[in-house]
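The structure is given below, and queries will be raised subsequently.
Just so it is clear, none of the values below were taken in a lab; they were calculated from the coordinates. Computed from a predicted model, the values in this text were never measured in an experiment. Note that we place each Cβ from the backbone using ideal geometry, even for glycine, and neighbour counts take in every protein chain shown.
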Amino acid sequence: MRVYVPADSAAISIGADEVAARIAQLDPSITIVRNGSRGALWLETLVEVQTQSGRIAYGPVMPEDVQSLFDSDFLNGGAHPLALGKSDDIQWLASQDRVTFARVGIIDPLSLEEYRQHGGLVGLKSALGSTSESIIDEVTQSGLRGRGGAGFPAGIKWKTVAQTISTEKYICCNADEGDSGTFADRMLIEGDPFTLIEGMTIAAIAVGATQGIVYLRSEYPHAISVLQKAIENAREFGWLGAHVLESTYSFDIQIRVGAGSYVCGEETAMLESIEGKRGVVRAKPPLPAIEGLFGQPTVINNVLTLSTVPMVLAQGAAAYKARGVGRSLGTQVFQLGGNIARGGIVEKAFGVTLKELLETYGAGTLSGKPFRAVQIGGPLGAYFSAEQLETSMDYESLIAAGGMLGHGGVVVFDDSVDLAVQAKFAMEFCAIESCGKCAPCRIGSTRGAETIDLIIQGVRVDENKKLLLDLCEVMTDGSLCAMGGLTPMPVKSAMANFPSDFLGAAK
Amino acid sequence: MKYSPWSQDAARLLLATLRDEKGPVLMALQLMQKEFGYVDQECVPLIANYFNKSRAEVHGVLTFYHDLRTTAPGEHLISICVAEACQSVGARALEKEVKSQFGAEVTDSYCFGNCALGPAATVDGKLIGRATLAKIKKART
C-alpha cells in the first residue's frame with residue numbers, strides 16, 4: 001500500500017511531517033512516499049492513496065484528521081469529508097498546462113527510476129546525440145525566455161557563451177528566489193530536482209562548460225538538502241562526473257549557499273557572491289556571457305528556465321512554442337500568494353488573464369474581504385487595481401500596462417491595504433537591500449521613504465508628490481541595476497492606480 | 001540550538017576543508033557561524049591569513065550579508081517574514097506581538113518562499129505556515 005504525503009517546505013510548515021508520522025504510527029505496513037507538492041497549497045497537507053483506479057486525494061489533512069481517515073477506510077478510497085476524489089480530476093490542477101512542473105508532486109523527488117519512468121533524461125539523451133549548434137538552435141526556436149524576470153531569450157545567451165573561446169566555462173543557476181510572492185524555484189527543486197540537473201547538463205553540453213553552480217538562498221534549507229542528495233544520486237548513476245552518461249562530456253554541479261542578501265539575485269551581484277565577495281553589482285559590459293564567474297564565459301539562467309530545457313529538447317521546439325501569445329511563448333509558472341483563498345502554483349500558457357488567475361484559481365481573498373490590489377512580479381513589480389484585471393499575463397502586455405512579469409509572483413491584498421504604506425515599504429526595502437554601489441539606489445531609496453512619509457503625514461502633499469516622481473525618474477534612469485532601477489515601479493503604479501491613498505491628511 | 005564553543009584550533013581545522021575551493025571567504029564565514037553560532041572577531045584575521053586576503057576584504061564580506069552575525073545567539077532564534085505577501089495577511093501585527101514577547105530573539109526576514117500560506121515564520125530554523133503567536137510559542141518549547 002502506497003500513500004503520498006508531500007515533503008514540500010510549505011506542506012511541512014502546516015504539519016505534513018506530523019501527518020506522515022501519524023499515518024506510519026497507525027499502520028506501519030504502509031509505504032509512505034514523500035513527494036513534492038502538486039502546487040495546490042490551499043489543499044496541503046494533500047494525502048494521496050495509490051489505488052487500482054489511480055491516486056485518490058484527501059485534503060487539507062491536519063494531523064488530528066488522520067485517525068478519522070483510517071476510520072473511513074481511506075486506504076481503499078473510502079468516503080470522508082476531506083475526500084477530493086481522483087487527484088487527476090481535481091479541476092484546479094487538471095485545468096493547468098503543466099510543462100516545467102509536469103513531474104512535481106507526482107514522483108518521489110529523489111528516485112531516478114521514477115524520474116526516468118516519467119520522461120526524465122529523454123532531453124539529455126537527445127542532446128548527447130546532437131551538436132552544440134543544433135541544441136542551441138532548438139532552444140532558440142522554442143522561444144524560451146529567461147524566467148528570472150528579465151525575459152532574455154535563453155538560446156541567444158547560450159550562443160554567446162558557446163562562441164566565446166575559453167577552456168573554462170560555467171553554468172550558473174540563479175536560485176536566489178528572493179521576491180516576495182515567489183516560490184516556484186523552491187518547489188521545483190524540492191519536488192523534481194533532477195529536472196534542474198538535466199537542464200544544466202544540457203546547457204553545459206551546448207556551450208562547452210564543465211562546471212555548474214547553483215546559487216541557492218539560505219532561506220531554503222530543505223531545498224538545499226534535497227538538491228544536494230539529488231546531485232549525489234546523479235553522480236552515483238554516472239550522470240554527473242567525468243563521463244556524462246558514458247559520453248565524452250564532463251560536467252559536475254556544486255551548490256553555493258546565499259547569505260540573506262536580496263540584491264544577490266541580480267546576476268552580477270550573484271557572481272560576486274559566488275566568488276566569496278560582497279554582493280556588489282558589476283557594471284555591464286562586459287556581459288557575464290563573455291566575462292562572468294571568475295572572469296570566464298558564464299551562462300546564468302533561472303531555475304525555471306533551465307528546468308524547462310529538458311522538455312524543449314524532449315518534445316521539440318514546435319510543441320513548446322505552440323503555447324503562449326505574441327513573443328511570450330510556452331508556459332509560465334504563476335505563483336499565487338498573499339491574501340488569497342486558493343494559493344499555489346498555476347502553470348498556464350502565457351496569455352491567461354489576471355482575472356482568471358485571481359478568480360478561477362485564487363477564488364477571492366483569504367480574509368473574505370473585498371479585493372483591492374495585486375502586486376505582480378515581486379517587490380519591484382507594479383500594483384494593479386480591480387480595473388486592470390483583464391490584463392493578459394505575458395511579458396509585453398504587462399509592460400504595456402506599466403508593470404512587469406518578473407518571476408511570476410502574484411500577491412493579493414484585500415481592502416485593508418494602504419498603498420501609500422506599500423509604496424513606502426518598497427523604498428525602505430530598497431534602502432535595506434541596496435548593495436550601495438550607485439547613488440540613485442543607495443541614497444534615493446532613503447530619501448524616497450522619507451518623502452512618502454511626508455505625503456502620508458499630509459506635509460506639502462502636492463509638492464512632495466512631484467518631488468517623489470522626480471526622484472523616481474532619477475532612480476529609474478540612473479541606477480546601475482534593476483534594484484534601484486525598478487523600485488520606482490511599485491511606487492509609481494501605487495500612485496497612479498490608487499491616487500486616493502496619496503492625498504495625505506485629506507484622505 | 002547547540003553550537004561548539006569558539007576555538008581558534010577548531011576553526012583552523014574547519015578552514016582546511018575549504019582549501020581547494022575557489023572564492024572561499026563567504027563560505028568560510030558561513031562555516032564559522034554554522035559551527036560556533038556566530039562569527040567571532042578573531043575569525044577576521046584568521047580567515048584573511050588563511051586565504052591570503054586582506055582583513056578589510058574579510059570584514060567587508062562579514063558586514064555585507066544579513067545572515068552573518070558577530071555576537072553569540074540566544075537559546076532560540078525566531079524570524080518573522082515581513083515581505084509583501086506576508087504583510088497582506090497580517091505579518092506586521094504578528095511581528096509586533098512576537099517582538100513584545102520575545103524581543104531580542106526576533107529578527108525580520110524577507111521571504112521564506114511560503115507566500116501562499118502566510119504569515120510565515122521560522123523558529124530555530126523550522127518553518128511555520130499560517131503563523132500565530134501560539135504556534136511560535138509551541139515551536140519554541
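Identify the GluC sites (Glu not before Pro) of the range B:1-98 meeting these criteria: DSSP loop state and at most 12 other C-beta atoms within 10 Å of the C-beta.
Here the GluC sites (Glu not before Pro) that fit, given the DSSP loop and packing criteria, are B:75.
Also, I was wondering about something else. To the nearest Å, what is the center-to-center distance of the range A:359-433 and the range A:311-336, using C-alpha atoms only?
24
Also: Starting from the Cα of residue B:137, draw a straight line to each of the lysines and keep only those under 17 Å, dropping any in the same chain fewer than 8 residues away.
Partners found: B:96, B:99, B:126.
Now, a different point. Relative to the Cα centre, what is the charge dipole magnitude of the protein assembly as shown, using +1 at the beta carbon of each Lys and Arg, -1 at the beta carbon of each Asp and Glu, and rounding to the nearest 20 debye?
Working: 58 positive and 72 negative charges, 124 e Å.
Dipole magnitude for the protein assembly as shown comes out near 600 debye.
Isolated Cys in chain B by the 4.7 Å beta carbon test?
B:43, B:111, B:115, each lacking another Cys Cβ under 4.7 Å.
Distance between the C-alpha centers of the range B:22-38 and the range A:21-75? Whole Å please.
If you average the Cα positions of each part, the centres end up 40 Å apart.
Give the aspartates and glutamates reachable from residue A:321 as a straight Cα distance under 20 Å; neighbours fewer than 8 places away on the same chain don't count.
A:97, A:133, A:137, A:138, A:347, A:394, A:396
Given the alpha-carbon gyration tensor of the range A:337-488, what are the semi-axes of its equivalent ellipsoid in whole angstrom, ordered largest first, with each equal to the square root of 5 times an eigenvalue?
Working: eigenvalues 163, 66, 34 Å².
With the √(5λ) rule applied to the range A:337-488, the semi-axes are 29, 18, 13 Å.
Given axes a ≥ b ≥ c from the Cα gyration tensor, I'd like to know whether the range B:2-100 is rounded (a/c under 1.5), prolate (a/b larger than b/c) or oblate.
prolate
What dipole magnitude, in Debye to the nearest 20, does the range A:112-321 give about its Cα centre under +1 on Lys/Arg Cβ and -1 on Asp/Glu Cβ?
Details: 17 positive and 23 negative charges, 84 e Å.
So the dipole magnitude of the range A:112-321 works out to roughly 400 debye.
A further question on this structure: Kirkwood Rh, the protein assembly as shown, all Cα pairs: how many Å?
On the way: mean 1/r = 0.0395 Å⁻¹.
Taking the inverse mean of 1/r over all distinct Cα pairs, the protein assembly as shown comes out at 25.3 Å.
Would you be so kind as to identify which of A:134, A:292, A:319 lies farthest towards the positive end of the dipole of the range A:112-321, taking Lys and Arg as +1 and Asp and Glu as -1 on Cβ and the Cα centre as origin?
Value: A:292.
Compute a Gaussian network model of chain B, connecting alpha carbons closer than 10 Å, and tell me which residue from B:24, B:119, B:73 fluctuates the most.
It is B:24.
Lysines near residue A:284 by alpha-carbon distance under 20 Å, same-chain residues fewer than 8 away left out - which ones?
Within the straight-line cut-off, residue A:284 pairs with A:157, A:159, A:169, A:437.
May I ask you to list the trypsin sites (Lys or Arg not before Pro) in the range A:130-166 that are in a DSSP loop and have at most 15 other Cβ atoms within 10 Å of their Cβ?
Filter output for the range A:130-166: empty list.
Which of A:495, A:410, A:393 sits closest to the plus end of the dipole of the protein assembly as shown, meaning its Cα is farthest towards the positive end, when Lys and Arg get +1 and Asp and Glu get -1 on the C-beta?
Towards the positive end, the residue furthest out is A:495.
Let me ask something else about it. Dipole magnitude of chain B about its Cα centre, charges +1 at Lys/Arg Cβ and -1 at Asp/Glu Cβ only, in debye to the nearest 20?
Dipole about the Cα centre, nearest 20: 400 debye.
DSSP loop (so not H, G, I, E, B), at most 13 other Cβ within 10 Å: list which chymotrypsin sites (Phe, Trp or Tyr not before Pro) in the range B:1-94 pass both filters.
Here the chymotrypsin sites (Phe, Trp or Tyr not before Pro) that fit, given the DSSP loop and packing criteria, are B:3.
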